[in-house]
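S.K.: First the structure, which I've put down as structure tokens, then a few questions once you've had a look.
The values are calculated or read from the model by the stated rules, or taken from the named source; none is laboratory data. Keep in mind it's a predicted model, so treat the numbers as computed, not measured. Here Cβ is always computed from backbone atoms with ideal geometry, including for glycine, and neighbour counts include all displayed protein chains.
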Amino acid sequence: MKKELIDVLWTNCKIKLDESSKNGSPKYIVSGPFMKADTPNLNNRIYSKEVANKAIDALRPKVKERLVKMLVDHPYYEPPSLLKTGAILLDITNIQDDGFAYYKAQITDTNAGKDLKAILDAGGKIGVSTRGYATVTYEKDVTDNTTEYEYIGDDFVLESIDFVDNPSVIDTTPNMTWENQNNNNQRRNEEMKTLDELKVKYPDLYKKIEENTKTIEKQLNEEKQNIEKQLNEFKSKVTSFLKETKEDFEDIFVVKSESKLVKEKEEVIESLNKKVKELQDEKDKQVKALKEAEIEKIKASDKEFFDIEQFKNVFDNCITADEVSQVYEHHKKLIEELKKNVNTSPKTKQDVSENDNDNDEEDAKLVKKLEGLNKTRLTIGLEPLTMEKFKKEYC
């Protein structure tokens, strides 16, 4: 017949605040040994390593599914109750080299779990107790032949682990490590929040960090300059290579339009240039028409002017009607002066004799007029006249 087995172990447990839960509050995680193998406990029971590991392996799948609840106190005379749940078992190990098997659990926010947290916050020690069933055999201690031990059979079934205050296994248990929320908050408040705080509290460390930062910055700048130098050298080599290749294989290089925008720009410029040329041609036609009209006007008003051989092409070098008018006025004035000189009555011998001294002055005037006439002819593109031809034509 299987016997109900309840064995308590004072745990060398560690309790800490783990990752935050969904509501933002930290999780209470407790861990420590829950049974010992191959050593008699205070109930004089001995669990062999093989028997213990077999039972632990059988319970582990339920632990992984979070189905095993750790109660606060054993349900000695009543069935297990969810209301007494103080933690959820998260993991269990087999017997380790030190002879102990270990557990890990999360304390719940149930009434029982809150009471358990309060005890732990106050520094109280707790024990854990295995709860299960097995057949047992009894054997006496060979050394004194009086102490009788219960050896747990191979059919041992481990049901759960509970928190209790009545130890059956007292082992050396140093003070457990307990990190509560207040201690965590205090440590967070002591953390350095700014570089200035770090500089004040740890000047040597800050100086070392600053020196390392400057060294890294210097190395980065040097590396940057080196990369830029290599990049410029590469660009220069590529440019030189392209230039030489273009010279050697000019036929394979085809100049293409840079973009559609450039093409549109060229088309607009070409269109504008065409319009400007059209306007200029129209203007030239109008200027030429005005010039011809002015010449026809002069022909109609002064036919004798065009009878003079030298004046037939006098307007060829003129561009505008104003230039035609200016050339005509100049030559008309010249003709009038020449006619005036020609119509002067001849001098008598006496007059000649009396005016011998004036001949030189008259010759000088003719030379001056000839120079003026030739200057005008050159201006309008006509050949200059000799004195002889000048006297023949104008005197």
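S.K.: I'd like to check something: does segment 166-177 contain any residue that is at pLDDT 50 or above and touching a His at 6+ places or on another chain (Cβ under 9 Å)? Break it down into steps so the answer makes sense when it comes.
M.R.: To start, the set of residues in segment 166-177 that are at pLDDT 50 or above comprises 166.
Imposing the further condition that a residue be touching a His at 6+ places or on another chain (Cβ under 9 Å) reduces the set to 166.
Yes: segment 166-177 contains one or more residues that are at pLDDT 50 or above and touching a His at 6+ places or on another chain (Cβ under 9 Å).
S.K.: May I ask you to list pairs of residues, at least six apart or on different chains, whose Cβ atoms are under 8 Å apart, with the first in segment 279-303 being assigned by TED's automatic domain parsing to the domain that holds Val314 and the second being assigned to a loop (DSSP other than H, G, I, E, B)?
M.R.: Val287/Ile319; Val287/Thr320; Leu290/Thr320; Lys291/Phe315; Lys291/Cys318; Lys291/Ile319; Lys291/Thr320; Ile295/Phe315
S.K.: Moving on to the next point. Just give me the residues in segment 114-146 being in contact (Cβ under 8 Å) with a residue 24 or more places away in the chain and more than 18 Å from Lys36 (Cβ to Cβ), in sequence order. Even if it seems obvious, please write down each step before you answer.
M.R.: The first filter runs over segment 114-146 and keeps only residues in contact (Cβ under 8 Å) with a residue 24 or more places away in the chain, leaving 115-117, 120-121, 123, 125-136.
Hits for segment 114-146 are Asp115, Leu116, Lys117, Leu120, Asp121, Gly123, Tyr133, Thr135.
S.K.: Inside segment 376-385, can you point out the residues that are without any contact (Cβ under 8 Å) to a residue 12 or more places away in the chain and either surrounded by 11 or more Cβ atoms within 10 Å (Cβ to Cβ) or within 60 Å of the chain's Cα centre (by Cα) (or both)? Full working, then the answer.
M.R.: Initially, segment 376-385 is screened for residues without any contact (Cβ under 8 Å) to a residue 12 or more places away in the chain, giving 377-379, 383-384.
Once the filter is applied, which keeps residues that are without any contact (Cβ under 8 Å) to a residue 12 or more places away in the chain and either surrounded by 11 or more Cβ atoms within 10 Å (Cβ to Cβ) or within 60 Å of the chain's Cα centre (by Cα) (or both), segment 376-385 yields Arg377, Leu378, Thr379, Pro384.
S.K.: Give, as residue ranges, the strands (runs of 3 or more DSSP E) completely inside segment 38-107 that count at least 1 residues that are among the aromatic types (Phe, Trp, Tyr), at pLDDT below 95 and assigned by TED's automatic domain parsing to the domain that holds Thr137.
M.R.: Values: elements: 69-71, 85-92, 100-107.
Fully inside segment 38-107 and qualifying: 100-107.
S.K.: While we're on this one: Please indicate, with yes or no, whether at least one residue in segment 70-85 is touching a residue at least 12 places away in the same chain (Cβ under 8 Å), at positive phi, in contact with a helix residue (DSSP H, G or I) (Cβ under 8 Å, 6 or more places away or on another chain) and among the charged types (D, E, K, R).
M.R.: Yes: one or more hits.
S.K.: List, please: which pairs have Cβ atoms under 8 Å, are six or more places apart or on different chains, and start with a residue in segment 313-325 that is assigned by TED's automatic domain parsing to the domain that holds Thr379 and end with one that is exposed (fewer than 12 other Cβ atoms within 10 Å of the Cβ) and part of a loop (DSSP other than H, G, I, E, B)?
M.R.: As it stands, the answer is Asp316/Gly381; Asn317/Gly381, since those pairs meet every condition given.
S.K.: What number of residues within segment 296-315 satisfy the criterion of being under 18 Å from Leu385 (Cβ atoms) and either touching a Cys at 6+ places or on another chain (Cβ under 8 Å) or not in a helix (DSSP H, G or I) (or both)?
M.R.: Total meeting the criteria: 4.
S.K.: Let me ask something else about it. Of everything in segment 282-319 that's among the basic types (Lys, Arg) and over 60 Å from the mean Cα position of the chain (by Cα), which residue is nearest to Thr379 (Cα to Cα)?
M.R.: Within segment 282-319, the subset among the basic types (Lys, Arg) is 283, 285, 288, 291, 297, 299, 303, 312.
Okay, now just the ones that are also over 60 Å from the mean Cα position of the chain (by Cα), so 285, 288, 291, 297, 299, 303, 312.
On the way: Lys285: 24, Lys288: 20, Lys291: 18, Lys297: 23, Lys299: 22, Lys303: 24, Lys312: 16 Å.
Looking at residues that are among the basic types (Lys, Arg) and over 60 Å from the mean Cα position of the chain (by Cα), I get Lys312.
S.K.: Considering each of Glu150, Glu159 in turn, give the residue that is within 26 Å of Ile107 (Cα to Cα) and either touching an Asp or Glu at 6+ places or on another chain (Cβ under 8 Å) or assigned to a strand (DSSP E or B) (or both). Steps first, please.
M.R.: On the way: Glu150 fails: within 26 Å of Ile107 (Cα to Cα).
Just one listed residue meets the conditions, Glu159.
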